[in-house]
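Participant: Next up is a structure, given as structure tokens.
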Amino acid sequence: MIYNNKIFWVTGASSGIGKAVVYELLKRGAGVIASSNRADELEEVKKNSREKMHLLSTVIFDLEDTGIIETIVAQQFKKHGRIDVLINLGGVSQRAKITETPLWLDRKIMEINYFGTIALSKAVLPYMIEQGSGHIMATSSIAGRFGFPLRSAYSASKQALHGFFETLHIENRENNVKASVIIPGRVKTNISFNALTSTGSIHGQLDAGQARGISPEKAARMILRGLERNKREVLVGGKELIMLFVRKFFPSIFFNIAYRMKPY
């Protein structure tokens with residue numbers, strides 16, 4: 001893929017994989033719209049990108065506030081003239097048993113991870129159709145392919161993305177608009193630290209499994225390599241990804257392993 005003169009929109013751009021993707025895109029000469037609901041952290045991304053400042057613009061909004069998304073998208077298309085690739089990386093995880101998770105928290109996680117992502121994608125899609133090309137990527141998880149302890153709402157929100165974006169891809173083949181789903185395993189980010197507990201408070205700790213994950217920088221390179229190869233599903237992580245194949249081909253073995261999984 002030629003990155004020069006292309007415009008990428010990256011959500012969740014203030015930390016973790018999103019921030020790493022922004023830096024990697026700027027390094028390759030792409031124009032980047034970086035968005036997040038964390039204004040201070042997004043400002044830090046701008047400061048760290050001084051040499052590429054002419055390629056970077058930022059937008060502050062919360063994916064949970066879907067009512068403002070169409071206006072924001074219209075503003076960005078007016079400003080940049082086009083969006084070639086949308087990479088949806090914003091989201092929130094969970095650390096609570098089903099019996100301890102109130103329904104409002106299920107709705108909150110679904111609102112951010114699923115509805116926020118599809119609202120932005122649905123708003124961008126008509127512009128991509130009009131310009132005659134585009135690619136939309138959504139971030140699922142290995143927990144978006146199977147259940148995992150303490151992540152019922154998170155897993156459900158991520159599994160829902162697969163059906164939506166596979167359909168988007170199939171419906172828009174004739175429009176030259178593609179869709180892919182990113183499936184991260186363990187990446188050393190703050191996703192576990194910022195996960196929501198049963199009360200909606202922050203989990204506040206880096207899980208041991210997360211701490212052993214690949215770096216966000218490596219994850220960013222894997223994502224862009226998948227994009228370049230037009231992969232429908234982009235696997236990102238290490239040896240833990242083998243669980244996807246175990247679940248698909250040997251479900252009884254998977255469940256025997258799952259009963260013994262440590263949720264942290």
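Participant: Consider only pairs whose beta carbons are under 8 Å apart and that are at least six residues apart or on different chains; among these, list those whose first residue lies in segment 149-163 and is without any contact (Cβ under 8 Å) to a residue 40 or more places away in the chain and in a helix (DSSP H, G or I) and whose second residue is polar (S, T, N, Q) and surrounded by 18 or more Cβ atoms within 10 Å (Cβ to Cβ).
Facilitator: S155/S141; Q159/S140; H162/S140
Participant: Do you know which of the residues in segment 62-95 that are touching a Ser or Thr at 6+ places or on another chain (Cβ under 8 Å) and among the basic types (K, R) is nearest to I182 (Cα to Cα)?
Facilitator: R95
Participant: Applying the selection to segment 94-132, what residues are in contact with an Asp or Glu (Cβ under 7 Å, 6 or more places away or on another chain) and more than 27 Å from L196 (Cα to Cα)?
Facilitator: Hit for segment 94-132 is A123, nothing else.
Participant: Let me ask another. Select from segment 153-188 the residues that are crowded, with 21+ Cβ neighbours inside 10 Å, closer than 22 Å to E100 by Cα and more than 13 Å from the chain's Cα centre (by Cα) and list them in ascending order.
Facilitator: A153, S155
Participant: Suppose we filter V45, V73 for residues that are within 21 Å of the chain's Cα centre (by Cα), over 30 Å from H203 (Cα atoms), assigned to a helix (DSSP H, G or I) and not charged (D, E, K, R); which single one remains?
Facilitator: Sole residue among the options that is within 21 Å of the chain's Cα centre (by Cα), over 30 Å from H203 (Cα atoms), assigned to a helix (DSSP H, G or I) and not charged (D, E, K, R): V73.
Participant: Moving on to the next point. What are the residues in segment 164-187 that are among the basic types (K, R) and part of a loop (DSSP other than H, G, I, E, B), if any?
Facilitator: R186
Participant: Would you be able to say whether some residue in segment 78-94 is over 19 Å from T139 (Cα atoms), buried (at least 19 other Cβ atoms within 10 Å of the Cβ) and not acidic (D, E)?
Facilitator: Filtering segment 78-94 down to residues over 19 Å from T139 (Cα atoms) leaves 78-82.
Next cut, buried (at least 19 other Cβ atoms within 10 Å of the Cβ) only: none.
No, there is no match, as no residue in segment 78-94 is over 19 Å from T139 (Cα atoms), buried (at least 19 other Cβ atoms within 10 Å of the Cβ) and not acidic (D, E).
Participant: Something else: I need a count of the residues in segment 95-114 that are surrounded by 17 or more Cβ atoms within 10 Å (Cβ to Cβ) and not aliphatic (A, V, I, L, M).
Facilitator: 7
Participant: Here's another thing I want to ask about it. In this structure, is G29 modelled with pLDDT of 95 or more, within 14 Å of L224 (Cα to Cα), of a type outside the set (D, E, K, R) and over 20 Å from the mean Cα position of the chain (by Cα)?
Facilitator: yes
The values are calculated or read from the model by the stated rules, or taken from the named source; none is laboratory data. As the structure is a computational prediction, the values presented were derived from the model and not from experiment. Glycine also receives a Cβ, built like all others from the backbone with ideal geometry; neighbour counts cover every protein chain displayed.
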